[in-house]
Amino acid sequence: MGAPRGRVIAGLMILPAALLFLAFFVLPLVRLVVAGGAGPDGWAGYGTALADTRHLASLMETLVLSIATTLATLVLGGIPGLFLARNRFPGRTFLVSVLTLPLAFPGVVVGFMVILLAGRQGLIGQVSQLLGGERIVFAYSMAGLFLGYIYFSIPRVVLTVMASAEKLDPQLEEAARSLGASPWRVFQDVILPGLKPALISAGAITFATSMGAFGTAFTLATRIDVLPMVIYTEFTLGVNLAAAAGLSLLLGAVTWAALALARSAAGAGVAAAG
Amino acid sequence: MRKRSLGFWLQLALTLLVSAFLGVPIVQSMLAGVTRNIFVGLKSGLTVDWIDQVLALYWPAILLSIELALGCLAVTLVIGVPAAYGLARAPGRLARLMEEALVLPVAVPGLATALALVVAYNGWGGFRQSAFFILAGHVLFTLPFMVRAVLAVMASSDLATLEEGAASLGAGFVRRFFDVVLPNCRSGILAGALTVVTLSIGEFNLTWLLHTPLTKTLPVGLADAYASLRLEIGSAYTLVFFVLIVPLLVALQLLARPRAARPMPEE
């Protein structure tokens, strides 16, 4: 194949996707930046919006929630993922299906799952009442949101950890064991380092998805001030375009940076969804 | 069978607990969707009334979601598969940069992208109010999944050699693309297609800002039902959503299984 001709063909094949990307992503983002600076305060509107204590508090809350979700999910998804990849027993396939099924649930459905668990008629409340205590209801609070974010993150962590654990070299482990290493030492010195790239990439996806998640918070309560909810209310109720645009750009930059950092650290393709 | 260690049982217990956390509300919602009265419980009897009501209320939204998913699939196939080929073939930094850029709409939260789209296209009344506006958002969001699924297969099969072989036998580009490239990428295209349809049907974060009262999709209707209608209707509607989406997910899992040794398609 002639190299220049091949290159022209390759370019032509990418062109439609590139045009679509320009028209529906690059251009709108530029328009958003400009529109945010066209408010009554002009470009200073961005500064005012980002320095607003309510916005800063919401940013901090969202960061803390996302970090907590990431740590909890790495443990709650990582251990079952590793376990299912390394053991064979009846019912294993079924457990894998249950743990990966919610992968494509939209945030609103996850919110509804939290309501069914911890809402006013929820299972947790019914059980706690049955046990003689009072009806525990926490779906509509930060704790409910935390539960929801763990819910939609577990499948991603399970899948990533399983895929990575299946590729670990069993000989390394055998070597460590034959040298007298205890199971805990083997885990700490052989398995964990082998899983590190997968854990980093799964953690980054979880963090980014939690930062930007909107549907779950929207279903549970409009009073939880996570960043996406603040952006939404500033845009629809406050019509404060500078704040909505500034916070959106900030949010996008944070999630993109988290994923890009993880990718350069882990070397795997990373993307968020949901 | 060898004796299991204590560690095995502890890990199994945690795995079961986490599975219950994910699985129990799914079962609960499916049951609630067919229970006559959820406050009384299952003894009030089973019924399809709630599902009937959901279909009566939300049929247009369900239909629009299916249409959007199929439209999205068509566009991502026509645009995404050639783009993957171009990216696999084009050498150098520009192509890598392009590959990075195409994934951006997935890395940036849907709400932010939707806000930008609304601000940019607010003046374009006809387009803004049509379902094509939502389609644009869905294509933007799902295209990277199609491109990556196809790229992954292209990278693992030695496409360049195959194509060169065909070229040396006198096959032109069009012939090579349709007779050599596409058949060899079948598994990637299928995985990409299933992912695109699944994601489009469930997309909410973008769609909520992009939709108008006349272009409500299934998840927009779900949010509406959860907020304003009784628990049974919300559950029945969720059941309808599961019926649509679970077969797609199962197909994706079956497709991924025999390829477990190769790089995973879900990225």
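Rounded, prolate or oblate: pick one for segment A:89-148, where a ≥ b ≥ c are the square roots of the eigenvalues of its C-alpha gyration tensor, a/c under 1.5 means rounded, and failing that, prolate if a/b is larger than b/c, else oblate.
Details: a/c = 3.27, a/b = 1.48, b/c = 2.21.
Here segment A:89-148 falls in the oblate category.
Could you run the Karplus curve 6.51 cos²θ - 1.76 cosθ + 1.60 with θ = phi - 60° over segment B:110-116 and give me ³J(HN,Hα) per residue in whole Hz, x for Gly and Pro?
Per residue, the Karplus-derived 3J(HN,Hα) values read x, 4, 5, 4, 5, 4, 4 Hz.
How large, in percent, is the carbon and sulfur part of the accessible surface of segment A:101-200 at a probe radius of 1.4 Å?
Ligands and nucleic acids excluded, carbon and sulfur reach 63 percent.
Over the residues of segment B:70-174, compute the C-alpha Rg and express it relative to 2.2 N^0.38 Å.
Numbers: Rg = 17.1 Å, N = 105, 2.2 N^0.38 = 12.9 Å.
Rounded to two decimals, the normalised Rg is 1.33.
With the solvent-accessible surface defined on protein heavy atoms using a 1.4 Å probe, which residues belonging to segment B:220-234 display a reduction of at least 40 Å² in accessible area in the multichain context relative to the isolated chain?
Listed by number, the residues meeting the 40 Å² cut-off are B:Y226, B:L231.
Among B:L169, B:L68, B:L218, whose mean-square fluctuation peaks in a Gaussian network model of chain B (Cα, cutoff 10 Å)?
B:L169
Which whole-number percent gives the relative contact order of chain A, counting Cα pairs below 8 Å spaced six or more residues apart?
On the way: 320 pairs, mean separation 71.8, N = 274.
The value is 26 percent.
Mind listing, in residue-number order, the residues in segment A:102-118 that have at least 30 Å² less accessible area with every protein chain present than in their own chain alone (1.4 Å probe)?
Residues passing the criterion (a loss of at least 30 Å², heavy atoms only) are A:A104, A:F105, A:P106, A:V108, A:V109, A:F112, A:M113, A:L116, A:L117.
How large are Rg and Dmax for segment A:111-233 when calculated on the C-alpha trace, in angstrom?
20.1, 61
Nearest 10 degrees is fine. How inclined is helix B:159-168 to the longest principal axis of chain B, computing both from alpha carbons?
Result, in degrees: 40.
With a probe of 1.4 Å, find how much accessible area segment B:67-123 has per residue, and write the answer as a whole number in Å². Can you show the working numbers first?
On the way: 2030 Å² over 57 residues.
Ligands and nucleic acids excluded, the result is 36 Å² per residue.
Within segment B:1-159, what whole-number % of the accessible surface is contributed by carbon and sulfur, with the 1.4 Å probe and all protein chains included in the calculation? Provide the component values of the computation, followed by the final result.
Values: 5090 of 7140 Å².
C and S fraction of accessible area: 71 percent.
Sort chain A into rounded, prolate or oblate with this rule: let a ≥ b ≥ c be the square roots of the eigenvalues of the Cα gyration tensor; rounded if a/c is under 1.5, and if a/c is not under 1.5, prolate when a/b is larger than b/c, oblate otherwise.
Details: a/c = 2.13, a/b = 1.17, b/c = 1.81.
Cα axes put chain A in the oblate bin.
Mind listing the long-range amide H neighbours of B:T35? Cut-off is under 5 Å, sequence gap 5 or more, other chains count too, H placed in the peptide plane at 1.01 Å from N.
B:T47
Please list the helices of chain A that count as membrane-span-like by this rule: a mean Kyte-Doolittle hydropathy of at least 0.5 together with Cα atoms stretching 30 Å or more along the helix axis, each helix being a complete DSSP H run. Mind dumping the intermediate values first?
On the way: long enough: A:53-86 (49 Å, 1.17); A:142-166 (36 Å, 1.30); A:241-266 (37 Å, 1.62).
Membrane-span-like by this criterion, though nothing is claimed about a membrane: A:53-86, A:142-166, A:241-266.
With a 1.4 Å probe and every protein chain kept in, tell me what percent of the accessible surface of segment A:213-262 is carbon plus sulfur. Each step should come with its number before you reach the end.
Details: 1130 of 1680 Å².
The C+S portion of the solvent-accessible surface of segment A:213-262 is 67 percent.
Ignoring ligands, DNA and RNA, what accessible area per residue does segment A:96-163 give at 1.4 Å, in Å²?
Working: 2230 Å² over 68 residues.
Using a 1.4 Å probe on heavy atoms only, each residue of segment A:96-163 averages 33 Å².
Taking 10 °C and 1.306 mPa s as the conditions, I'd like the Stokes-Einstein D for segment B:110-228 in µm²/s, using the Kirkwood hydrodynamic radius from alpha carbon pairs. Present the calculation step by step, with values, prior to reporting the outcome.
On the way: Rh = 16.7 Å.
The diffusion coefficient I find is 95 µm²/s.
With every protein chain left in place, what is the accessible area per residue of segment B:1-56 in square angstrom, probe 1.4 Å?
Values: 3430 Å² over 56 residues.
That works out to 61 Å² for each residue.
Just the number, please: buried accessible area between A and B, total of both chains, 1.4 angstrom probe, nearest 100 square angstrom. Write out the running numbers ahead of the final one.
Details: alone 15700 and 15390 Å², together 23680 Å².
Looking at A and B, the buried total is near 7400 Å².
Short version: what are the Cα gyration tensor semi-axes of segment B:1-127, square root of 5 times each eigenvalue, largest first, in whole Å?
Numbers: eigenvalues 347, 203, 45 Å².
They are 42, 32, 15 Å, listed from largest to smallest.
Checking the a/c ratio against 1.5 first, then a/b against b/c, what shape does the Cα gyration tensor give for chain B?
Values: a/c = 2.31, a/b = 1.35, b/c = 1.71.
Oblate, because a/c is 1.5 or more while a/b does not exceed b/c.
Please name the residues of segment B:189-208 whose accessible area, counted over protein heavy atoms with a 1.4 angstrom probe, falls by no less than 40 Å² between the chain alone and the full protein assembly.
B:F204, B:N205, B:W208
Sorted from largest down, what three extents in whole angstroms do the Cα atoms of the protein assembly as shown have along their principal axes?
For the protein assembly as shown, the Cα extents along the three principal axes come out at 79, 72, 49 Å.
The values are calculated or read from the model by the stated rules, or taken from the named source; none is laboratory data. Just so it is clear, the structure is predicted and the values come from calculations on it, not from any experiment. What goes into the accessible areas is simple: the full protein's heavy atoms, side chains included, and nothing from ligands, DNA or RNA. Shrake-Rupley method; radii C 1.70, N 1.55, O 1.52, S 1.80 Å.
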